[in-house]
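All remarks here apply to the structure that follows.
Each reported figure results from applying straightforward, stated rules to the coordinates on display, with no laboratory input. What you see is a predicted model, and the numbers here were worked out from it, not measured in a lab. Neighbour counts run over all protein chains shown; Cβ positions are idealised from the backbone, glycine included.
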Amino acid sequence: MNTFDKLLELVARRPAFILLLVVAVSIYSAFRLIELPGFTSRLKLDPSTETLLPQDDEDRQVFERVRDTFGDADAVLMSVRLEPMFTPENMARIDELTQRLRKFPGVKSVFSLGTAPNVLAEGDDLEVSTFTQQAANDPAAVKRFPEQIAANPIYRGVLVADDGVHTALAIGLDAQGEELFRKQDYAKQFRDMARQITGSQEVWLAGSPVVKAASTKAMLDTLVFSVPMIYAITVLMLYLAFRSVRATLAVVTTVTVGLLWTAGTAVNLGYSLNLVSIITPPLVITLGLAYSIHLLSDYFSVAANSAEERRQRVLHVMGRVGAGLLLAGATTIAGFLALMPNALPAIREFAILSSIGVVYLSFLILLFLPALLDLMRCGRHPRELGEKTAQRWADKIALFDIKWRRPIIWIALIMVPLNLWLASGIPIGTDYIKAFREGNPVREEYEAINRSFNGANIVSVVIETHVNDALTDPELVRGIDDLQSWLRKQPEVGQTISYVDHLKLLNQSLNNGDPAYFSIPNDPAAIKQLLVFAGGDDIRRVIDARFRSALVTVRIKVGDSIEITHFIERVEKRLAQLQPPLNGAITGTPVLATRTVNAIGQGQWMSLAIACVAIWAMLALMFTSARAGLWALLPNLVPVSIYFGTLRLLDIPLNPTNSLIASIVLGVAVDDTVHFLTRFNREARATGSETKAVQAALRETLRPTTLTTVALCLGLLALTGSELRSQVQFGMLASFTLFLAWISEIALTPALGSRLRIVTLWDLLRLDLGQSPQHTIPLLSGLSLRQARVFALMSKFESFKPGETVIRQGDFSRDMYVIVDGNLEVWIERGEDRKVLATLGRGAVMGEAGYFGQRRTASVSSVTPVRLLRFDSNDLERLRRRFPWIAATVFRNLNRVQAERLARATAMLQ
């Protein structure tokens, strides 16, 4: 008995120990997950895009440096409709709304008509007061506001829309404010307050904090909807499939424990659930259900009444499904871990967390679930749902697959390269706003502000010189002004503002508003004086105190990452043309989001290649043949390649979420291939007929494979209830690909299996050939123990009780035998007498005359219980093709045995 068998035996005899171990770990995980007092979860949701990038990523570092220097550029944009807007009463309402917003905890600034200075020059005096202050002091001044705003490039289209009835308020938040914005639903509070103060019902909100808060809510809603939905699917499917309340409860308990352990591990690792890893909990539950179905199918196939019979059933089920389950878990983990080379930490965290979840599930379903079923006294139940139908269809499908084997295989071989060729043109991109469903308030309000205010997405161009007062040099200032002029000509840009605009307005205001002075002073000292004494707080948001770094704020009218990518590429080329010491970089949440999406393209094909190689290596090890591993991988490459081809045909871009599907499906779908080929191998050795073996293997696997596919598809389709289109798309595309994998499993895998005689590593480890067969059986001389077992598994094992006839004199046959254990007598009939010619023991070869198509020259009967290896020319031919070195050694040994026997016969005649 090997080590694994001993472990299974221990578990079968001591199920209570496993239960106590699981309970202890579960209590620990619960304490790690739940924070006391208050029973709040330590596992957080993080929808931000900047945290998706690596800590040392240059774009992320620029973003954080800009935020530290100039404050958070990702303001909340509020739009309020006031018609007519320019009245003293509405100016007072805007001022009250501004002051009320500034009192919210975490609100750092509010830029509106209530805080924006309207610089007016009267003689030598310069009046710097806000629009609302001037309206309060001189109501008649309100009539001049439209003309003044239209002449001001900083305010035009920014504070007041071109339609003249929408005003904007830019609400800046600090780090605490952004957290409070999500936790305390500032979006609703801001809207309600704006409606109450202004009386307007048309209040819109946009900006990165709004999207993040809505994404957090959508992620939480996805979990709240999908997890209970998947549990409901689990309960319904298990009860309908196995008609057992106890078994259903046992599986639900097992899967819940696996999910609890995974969540506790996430807390221990310091992980938060982000826009990618949010699919981990539904995925863990769904995979747990799929794995459990395979085990229950075997569990209920064996009747057990007494305690000993139940223990033997547990041991039987563990041994029967153990190899397939462990390899299934290993291939799934390989699919997940293949995502590790991806540049995005979020995808790497998903890979690690999902892999850990599969490890937990494999342990729990192999060891804990059988023990729990045993303790709950789950017995044999009436015929399971679909069992009779599955068996009937299994025979039909098997015959079809064998009859059309060659066309099926050729179609598969053509589909893979064809679809991968199509996949080479898949675009990479996403739109974080259109990720919300149509009709979602976040999407509608963003699009409304985008139309009214020339863009709702804000990006920043940071100009750095590392030289104090460098940005007061007129020549460098003109270089930045030229950059802004170029930016305004770009089709994506709606507005651009920098300290240069403030500088020109200040210069014009100090010169009695003369348009000729809307220009850059030629004296550095004059420039510095204007910025220091007349700029106010607004200047500090666009240039630092040492005049060495500046910020150009750019409003863009596009949200699709592909369009933003093209814009970024043009801007970076233009920034490279800046004169020294000016150095420019583009940043902002839309830029980081675009970088995040583009990073998946660099790792997608590498991840897929790694997954294929890793899974092939495991299959080759499992089936002890590189060729068999490659053939076993083909049924899973077909659906994955079709998935990529479908993306290209439907023009669906790759994004951080759907880029996971290929590796996930590749790792999950191969499970059913392993289950089929393992059982086909066992049946082929037992029956000696490929047709019967395919039929028998399909009878055993068609129902659980179909049930697991249904479970996986329904579980993933539960994600379609999300407000995030990326989650909906993931659920639909993953389900579609898994359905293709099911078709491949019932059509292509049997067609391939009928051409293979596989030898599994599990068979090699469990096969008993007695002590040192390579030394005690002459036919196996010169082979290693593993090679001797390979030959045995390519042959057929037969057992006989004492007194049974193995070979009958005069029969025609084309096979021969080698004795593994026991003794036999060789005898012939002489009239009514029986003459014993020889007694044969371990290692003897017999039946060689039959092997060459001759009549049997003698009869052979067992004296003791015996085990024999029977093989024929077909078996040896398969051995030659699959394992040529082993075949050459066996042929040499067979020739030696025949030569020795011929020499003995010649000596007897002499």
*Under the Karplus relation 6.51 cos²θ - 1.76 cosθ + 1.60, θ = phi - 60°, what is the ordered set of whole-Hz ³J(HN,Hα) values for the range 77-86, x standing for Gly and Pro?*
9, 10, 10, 10, 8, 10, 9, x, 7, 8
_What's the longest uninterrupted piece of the chain once you rule out the GluC sites (Glu not before Pro) that are loop residues per DSSP with at most 15 other Cβ within 10 Å?_
1-437
*Residues Thr115, Thr286, Thr565 arranged by fewest to most Cβ contacts within 10 Å*: Thr565, Thr115, Thr286
_Using the alpha carbons of the chain, what is the convex hull volume per residue in cubic angstrom, as a whole number?_
194
*asked:* Cut-off is 10 Å between beta-carbons; in what order do His566, His675, His466 appear when sorted fewest neighbours first?
replied: His466, His566, His675
*How high is the relative contact order of the range 75-206, in percent, counting Cα pairs under 8 Å that sit 6 or more residues apart?*
42
*Check Asp431: other-chain or 5+ apart residues with amide H under 5 Å from its amide H, H built from backbone geometry?*
Ser561
*If the cut-off is a Cα-Cα distance under 26 Å, which lysines reach Lys143, setting aside same-chain residues fewer than 8 apart in sequence?*
Lys504
_Value of [θ]222 nm, deg cm²/dmol, for the chain, DSSP H segments ≥ 4, -39500 (n - 2.57) each, nearest 500_ = -19500 deg cm²/dmol
*More than 26 Å apart: what percent of Cα pairs in the range 75-206 qualify?*
21
*asked:* Tell me the net charge near Asn823. Cut-off is 15 Å between Cβ atoms, Asn823 excluded, with +1 for each Lys or Arg and -1 for each Asp or Glu.
replied: 0
_Give the lysines whose C-alpha is closer than 26 Å to that of Lys103, dropping any in the same chain fewer than 8 places away, or say none._
Lys183, Lys188, Lys212, Lys217
*Cα-centred dipole magnitude for the chain, charges only on beta-carbon of K, R (+1) and D, E (-1), debye, nearest 20*: 5540
*asked:* Taking θ = phi - 60°, what integer Hz values does the Karplus form 6.51 cos²θ - 1.76 cosθ + 1.60 yield along the range 887-900, in sequence order, with x for Gly and Pro?
replied: 4, 4, 5, 5, 4, 4, 5, 5, 5, 5, 4, 5, 5, 5
*Output ³J(HN,Hα) for the range 715-728: one whole-Hz value per residue in order, computed from phi by the Karplus curve 6.51 cos²θ - 1.76 cosθ + 1.60 with θ = phi - 60°, and x for Gly and Pro.*
x, 6, 5, 4, 5, 5, x, 6, 6, 8, 5, 5, 5, 4
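For a 24 Å ceiling on Cα separation, which of these pairs sit above it: Lys692/Lys801; Lys489/Lys573; Lys489/Lys557?
The pairs that break the limit, which is 24 Å between Cα atoms, are Lys692/Lys801.
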